[in-house]
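Q: The structure is given below, and queries will be raised subsequently.
The values are calculated or read from the model by the stated rules, or taken from the named source; none is laboratory data. Keep in mind the model is a prediction, meaning the values are calculated, not measured. Note: ideal-geometry Cβ built from the backbone for every residue, glycine included; neighbour counts use all protein chains shown.
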């Protein structure tokens, strides 16, 4: 357990549509507390499964579980290493587009008629502003992860690039999967409900409300760029390492069941050979 203080509390613009988790930075470590359910378990599970994918280590943020004492309350949550090198900052696409165009990227997207045009606009304009190459491949990877793990909170504040003082840009590690795996048991996906019914209710937020429609468009435009090699045993091993005093067996078994069903639904990501990854 780590004890954190108000001076370490941070405000970010990466606001969830369901409210704000407490977030802190202590030295070179960032911490996030659970807010609506088991966000920490979702972050931990997804990021550790991404280690068994064609992604390189620097392409995603790895989260580990941590209990956090803040004032008189103990929260379950996660910690991750600071990936920002000195002189670099994270800038969300929402802020990037507002700085350049004076408009919300989200509003620009939803004023554009076809889904293909929405994603193409986001990618082409981001590449034009930043000079980054293959941002479409990056988006394809991100949207694949979100579809596989049902991350319902990938809005334009949760997609970002890195910027330094010389005006140079880099791709940002993929982060913030805490809204995946039906982690919100406070409002939308309560324990005890049929998970298959709940899985059908989950809506995407990037440029339409369907994970599969988003992914179909991304794969059509930019290809399928990520593969997975984890098995059901790998999923179980990762989750079974979690102490019961952090998350109940009911929650852990639910997360396993969700992962197993999504592996079945999207088995082409496991059976195909490594792509460009």
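Q: Could you tell me whether the range 210-229 includes any residue that is surrounded by fewer than 21 Cβ atoms within 10 Å (Cβ to Cβ), more than 15 Å from residue 140 (Cα to Cα) and touching a helix residue (DSSP H, G or I) at 6+ places or on another chain (Cβ under 8 Å)?
A: Yes, the range 210-229 contains at least one residue that is surrounded by fewer than 21 Cβ atoms within 10 Å (Cβ to Cβ), more than 15 Å from residue 140 (Cα to Cα) and touching a helix residue (DSSP H, G or I) at 6+ places or on another chain (Cβ under 8 Å).
Q: To continue, here is another question. Could you please let me know if residue 92 is assigned by TED's automatic domain parsing to the domain that holds residue 128 and either within 17 Å of residue 172 (Cα to Cα) or crowded, with 17+ Cβ neighbours inside 10 Å (or both)?
A: In short, yes.
Residue-by-condition table, conditions (1) in a strand (DSSP E or B); (2) in contact (Cβ under 8 Å) with a residue 24 or more places away in the chain; (3) within 21 Å of residue 51 (Cα to Cα); (4) touching a strand residue (DSSP E or B) at 6+ places or on another chain (Cβ under 8 Å):
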site	(1), (2), (3), (4)
190	no, no, no, no
206	no, yes, no, no
220	no, yes, no, no
238	no, yes, yes, no
259	no, yes, yes, no
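Q: Can I ask one more? Every residue in the range 24-66 that is part of a strand (DSSP E or B) and surrounded by fewer than 18 Cβ atoms within 10 Å (Cβ to Cβ), please.
A: 25, 26, 29, 64
Q: In addition: Answer with yes or no whether residue 124 is surrounded by fewer than 21 Cβ atoms within 10 Å (Cβ to Cβ), modelled with pLDDT of 95 or more and not assigned by TED's automatic domain parsing to the domain that holds residue 53.
A: Yes.
Q: Additional query: Name the residue that is farthest from residue 36 (Cα to Cα), counting only residues in the range 86-122 that are assigned to a loop (DSSP other than H, G, I, E, B) and touching a residue at least 12 places away in the same chain (Cβ under 8 Å).
A: Only one residue tops the list, namely 87.
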